[in-house]
1. For segment 267-278, check the following and say yes or no: at least one residue is assigned to a helix (DSSP H, G or I), closer than 25 Å to Asp125 by Cβ and modelled with pLDDT of 95 or more.
2. Please work out if Ala178 is small (Gly, Ala, Ser) and more than 30 Å from Thr291 (Cα to Cα).
3. Take the residues in segment 283-313 that are surrounded by fewer than 20 Cβ atoms within 10 Å (Cβ to Cβ) and of a type in the set (S, T, N, Q); name whichever of them is farthest from Val368 (Cα to Cα).
4. Quick check on Ser371: is it of a type in the set (Ser, Thr, Tyr), surrounded by 16 or more Cβ atoms within 10 Å (Cβ to Cβ), part of a helix (DSSP H, G or I) and not assigned by TED's automatic domain parsing to the domain that holds Leu62?
5. Go through (1) among the aliphatic types (A, V, I, L, M); (2) assigned to a loop (DSSP other than H, G, I, E, B); (3) surrounded by 18 or more Cβ atoms within 10 Å (Cβ to Cβ) for Val250 and report which single condition fails.
6. For segment 191-207, name all the residues that are buried (at least 16 other Cβ atoms within 10 Å of the Cβ) and not in a loop (DSSP other than H, G, I, E, B).
7. Just wondering, is there one or more residues in segment 173-183 that are touching a residue at least 60 places away in the same chain (Cβ under 8 Å), of a type in the set (S, T, N, Q) and not assigned by TED's automatic domain parsing to the domain that holds His71?
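The values are calculated or read from the model by the stated rules, or taken from the named source; none is laboratory data. None of these values were measured; they are calculated from a predicted model. All Cβ positions, glycine included, derive from the backbone under ideal geometry; neighbour counts span all protein chains shown.
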Amino acid sequence: MTAFSLEPAQLAWCAELRVLAAERLRPLAGKGEPGRVNRALLAELGALGLLPRLFTSGALELCLMRESLAHACTEAETALALQGLGAHPVHAHGTDAQRAHWLPRVAAGTAVAAFALTEPAAGSDAAALSLTATPATPGRPARPGGAGGWRLSGEKCWISHAPEADFYTVFARTTPGAGARGVTAFLVPADRPGLTGTALDMLSPHPIGALAFDAVPVTADDMLGEVDRGFRVAMDTLNLFRPSVGAFAVGMAQAALDATLGHTARRDAFGGKLKDLQSVAHQVAEMALRTESARLMVYAAATAYDEGAPDVPRRSAMAKLLATETAQYVVDRAVQLHGARALQRGHLLEHLYREVRAPRIYEGASEVQRSIIAKELYKNLEDR
C-alpha cells in the first residue's frame, strides 16, 4: 500500500463539510432534545445529500465525512453514522424489495435505522447472543414468499436510536449451541407485534434504549443474507464502520486540540502566555502528535478496506483502538489545560468530554480490539 495523502479535492470537500456542520447542522442540533432522535437534523442531512452518500461511498469517504462533521457538530456526525450502521446490512445484504422500501427513506432522513446486536449478557462477545429465533411451525422450513418463519424472543440492550427507530437490523440465534455459525440477521420494522422498547438514560447525548421481543414474528422475507450466516453480516458492517468510529474520534480530538491551541495562545499566565510554559507546549505537541498518528492509521485502514486488502479486520481494529484511546487522551489534556471553565455546562470541552467516552466501548470495546489484533497476528503466523 502506498503512503497516504489526501487529494486537493478531498481536502476542499472536508473544509466544505466543516462549514456546513457549523452553519446548517449545529443550529438544528442545538434545538434537539438530549436522548431523543432529532428528525429535523436527519432531514437536513438528507437534504444536504450526506445520507445518500452512505450507500455510494467507500470506507475512506465515510471516514472523511465523519471526521469533518465531528469537528463541528458531533450530534450530526452521530446521526449520520447511526443511519449508516443500521441500514448498511440492508444495502449490502438485503433483498431488492427491502432495499427499495427502506433505503430511499433512510437517505432522505425520514426513516430512522438502528443496528440491534448487543444484549445484556452478550456485549463484547457478540457470538454469545441469546435472542432466540424459534420456528413458527416446527419442522416446516421458512421460504421467501412462503409459509413458515420464526418468533423472536429475548432482549437487546444499549441500542442506539432505540426505541425510536423505524426499523432494526436484528441478530438472532437460529441454531442453538452453534456460536457465531448459528446467527441470522433480520430486518424488523418497529411496528411488529410483540416488539417494545424503553429509553435508557445514558451519558451520551444521543438516544440509546433497550428492546424486548415477545414472540415477534419474522419470515424468510425479513432475512438479511442467509440462515445461520448473520454473523458475517454483522462483521462485514463492523469492519466497514470501525475505521470510521476512529474518524469520529479524530474529529473530536482535532476540535479539542484546536480549542487548546487558541486558549493557550491567548491566556495570560506567569508574566507571559500559557503557551510559553514548556510543560504546556510539550503537552500540546503530544496532543498533536497523537491526533495525527491516529488520523493516518484511520485513513490507512479505510483505504485497505476500499482496496479489498486481506488484513482489513486487523487494520480496522487497530484504527478504532488507537483513535478512540487517543481522543480520550487529547480531550482530557485539553480539559486540564483549560481548567475549570472547560467543566461548565455548554462549553465545547464539557460536551466533548461526555461524547468521547462511549466510542471506546461500542462496536467492540478497546479490549476486544486488542484481542482481534492479536488473533489476526497469530493467524498470519500460522499461515506462513
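1. no
2. Criteria met by Ala178.
3. Gln283
4. So Ser371 does not fit the description; no.
5. For Val250, the failing item is (2).
6. Those that are buried (at least 16 other Cβ atoms within 10 Å of the Cβ) and not in a loop (DSSP other than H, G, I, E, B): Leu195, Gly197.
7. Applying the first criterion (touching a residue at least 60 places away in the same chain (Cβ under 8 Å)) to segment 173-183 yields none.
No; the residues of segment 173-183 include none that is touching a residue at least 60 places away in the same chain (Cβ under 8 Å), of a type in the set (S, T, N, Q) and not assigned by TED's automatic domain parsing to the domain that holds His71.
Conditions (1) charged (D, E, K, R); (2) surrounded by fewer than 18 Cβ atoms within 10 Å (Cβ to Cβ), marked per residue:
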position	(1), (2)
Ala281	no, yes
Lys320	yes, no
Ala327	no, no
Asp383	yes, yes
